[in-house]
């Protein structure tokens, strides 16, 4: 089935375009990674002088911010962009509806649907007035898209305001979609001979029947972002990173927490590119981290730990809480991870305090309080034997040879000692 419109013609002149056809699969939520993939793909097809780019779409929706950028790329593309809602039973909902309507040609496989584009704010952070503004802005946005492509703007507005959704056949009947195709080969057969008017004024006629499309695959960075881009995992990585670095700074030399924490923080920052965040939340999390550092450096103060708990809690709550953000980690996960993290941080601080209260038994500081014996008389200087070593020593009270002394202070390479009662506990002079 073909539907003609102001931008599309079914005629097939003799000078039909030649070139490859490229496909890009969009099978998840719409986010900055998808925007980057579509932008890169459009540039690739333009550089290769391909005939068109086919987006194989199956999406529940995504970020409105990313959607706007994607629509902008498609409307300004100097290569035909085809949206194909595929495979059967796929959906093109919410943000996907905006993207699909912006494409030069919108095709759908049987048993697919499109619509339900009402903007949502699942975190509960936007009030009624704010949501009204977002809805009205979205309506204006989608009507402008339909005006550019000659599609049914009234239905598009209902998709935003009332979350209506229609089947592939209904979409064609209501001038929302251009055609229904059972598979990619059938789609190419329908596209063959269509004339597309591009933003640069060029009219391109597609000659794609029988061409084997070239698939644009994800690179390693895109695959990594796709895995770690889930807000729940991103938040978990952030907290593990914070905890690991605090442990490393409080127990330097252990290395493992620092290495793991640094890697997790880098991955978290990498993942944060896939959704919007609240900057105030990020600053509060950083403040909480600094306060826990201060508590570790100055144990016993307490106020730093309290401030760190409050800052970390507020930061965790606010970090993903933005009116423009449609994705956020689940509240039970945030609460659970936060409580575990704070508990572990207080455990680290406890061990730091316990360690600092213990008497030092190694190094020069470990000599203070130890008992040794005089090798020579101290009057006031002489030599003593402590911890298997000979030391120069000084005593304010004269001490006889072979008498017990207690170390009071270590001053460079010299000990300050005082005589103690000799109870027959001789350490020997070697």
For residue 313: the one exception among (1) at pLDDT below 75; (2) assigned to a helix (DSSP H, G or I); (3) crowded, with 17+ Cβ neighbours inside 10 Å: (1)
Residue 151 is checked against (1) assigned to a loop (DSSP other than H, G, I, E, B); (2) at pLDDT below 95; (3) crowded, with 17+ Cβ neighbours inside 10 Å and fails just one. What number does that condition carry? (2)
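Yes or no, residue by residue, for (1) touching a strand residue (DSSP E or B) at 6+ places or on another chain (Cβ under 7 Å); (2) over 30 Å from residue 291 (Cβ atoms); (3) part of a helix (DSSP H, G or I):
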position: 182; (1), (2), (3): no, yes, no
position: 212; (1), (2), (3): no, yes, no
position: 217; (1), (2), (3): no, yes, no
position: 224; (1), (2), (3): no, yes, yes
position: 234; (1), (2), (3): no, no, yes
Given the conditions (1) touching a residue at least 60 places away in the same chain (Cβ under 8 Å); (2) touching a strand residue (DSSP E or B) at 6+ places or on another chain (Cβ under 9 Å); (3) under 28 Å from residue 206 (Cα atoms); (4) outside any strand (DSSP E or B), report the number of the one that residue 54 does not fulfil. (4)
Which one of the conditions (1) surrounded by fewer than 20 Cβ atoms within 10 Å (Cβ to Cβ); (2) over 30 Å from the mean Cα position of the chain (by Cα); (3) modelled with pLDDT of 95 or more does residue 109 fail to meet, given that it meets all the rest? (1)
Inside the stretch 387-410, the number of residues satisfying the requirement of being within 60 Å of the chain's Cα centre (by Cα) and in a loop (DSSP other than H, G, I, E, B) is 2
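If you take the residues of the stretch 70-86 that are without any contact (Cβ under 8 Å) to a residue 60 or more places away in the chain and farther than 12 Å from residue 180 by Cα, which of them is nearest to the chain's Cα centre (by Cα)? Step through it out loud before you land on a result.
To start, the set of residues in the stretch 70-86 that are without any contact (Cβ under 8 Å) to a residue 60 or more places away in the chain comprises 70, 72-74, 81, 83.
Filter once more, so that each one left must be farther than 12 Å from residue 180 by Cα: 70, 72-74, 81.
On the way: 70: 20, 72: 24, 73: 24, 74: 26, 81: 29 Å.
Selected residue: 70.
For residue 28, state whether it is within 20 Å of the chain's Cα centre (by Cα) and surrounded by fewer than 18 Cβ atoms within 10 Å (Cβ to Cβ). Step through it out loud before you land on a result.
Values: within 20 Å of the chain's Cα centre (by Cα): yes; surrounded by fewer than 18 Cβ atoms within 10 Å (Cβ to Cβ): yes.
When the stated conditions are applied, residue 28 passes them.
Residue check: is residue 89 under 24 Å from residue 37 (Cβ atoms), touching a strand residue (DSSP E or B) at 6+ places or on another chain (Cβ under 8 Å) and either crowded, with 17+ Cβ neighbours inside 10 Å or not assigned by TED's automatic domain parsing to the domain that holds residue 232 (or both)? Spell out the reasoning first.
Details: under 24 Å from residue 37 (Cβ atoms): yes; touching a strand residue (DSSP E or B) at 6+ places or on another chain (Cβ under 8 Å): no; either crowded, with 17+ Cβ neighbours inside 10 Å or not assigned by TED's automatic domain parsing to the domain that holds residue 232 (or both): yes.
Judged against the criteria, residue 89 is not a match.
Please indicate, with yes or no, whether at least one residue in the stretch 120-127 is at pLDDT 95 or above, closer than 18 Å to residue 30 by Cβ and part of a loop (DSSP other than H, G, I, E, B).
Just the residues of the stretch 120-127 that are at pLDDT 95 or above, to begin with: none.
No, there is no match, as no residue in the stretch 120-127 is at pLDDT 95 or above, closer than 18 Å to residue 30 by Cβ and part of a loop (DSSP other than H, G, I, E, B).
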Taking the options 238, 198, name whichever one is within 38 Å of the chain's Cα centre (by Cα) and under 24 Å from residue 312 (Cα atoms). 238
Output the residues belonging to the stretch 319-343 that are modelled with pLDDT of 75 or more and more than 15 Å from the chain's Cα centre (by Cα). 332, 333, 335, 336, 337, 338, 339, 340, 341, 342, 343
Working only within the stretch 162-180, note down all residues that are modelled with pLDDT of 95 or more and either in a helix (DSSP H, G or I) or exposed (fewer than 15 other Cβ atoms within 10 Å of the Cβ) (or both). 168, 169, 170, 171, 172, 173, 174
Condition met for residue 27 (at pLDDT below 95 and in contact with a strand residue (DSSP E or B) (Cβ under 8 Å, 6 or more places away or on another chain)): yes
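Each row is one residue, and each column tells you yes or no for (1) within 21 Å of residue 31 (Cβ to Cβ); (2) surrounded by fewer than 18 Cβ atoms within 10 Å (Cβ to Cβ); (3) under 17 Å from the mean Cα position of the chain (by Cα); (4) modelled with pLDDT under 70.
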{"position": "255", "(1), (2), (3), (4)": "no, yes, no, no"}
{"position": "264", "(1), (2), (3), (4)": "yes, no, yes, no"}
{"position": "274", "(1), (2), (3), (4)": "yes, no, yes, yes"}
{"position": "281", "(1), (2), (3), (4)": "yes, no, yes, no"}
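The values are calculated or read from the model by the stated rules, or taken from the named source; none is laboratory data. Just so it is clear, the model here is predicted, and its values are computed rather than measured. So basically every Cβ, Gly included, is an ideal-geometry build from the backbone, and we count neighbours across all protein chains shown.
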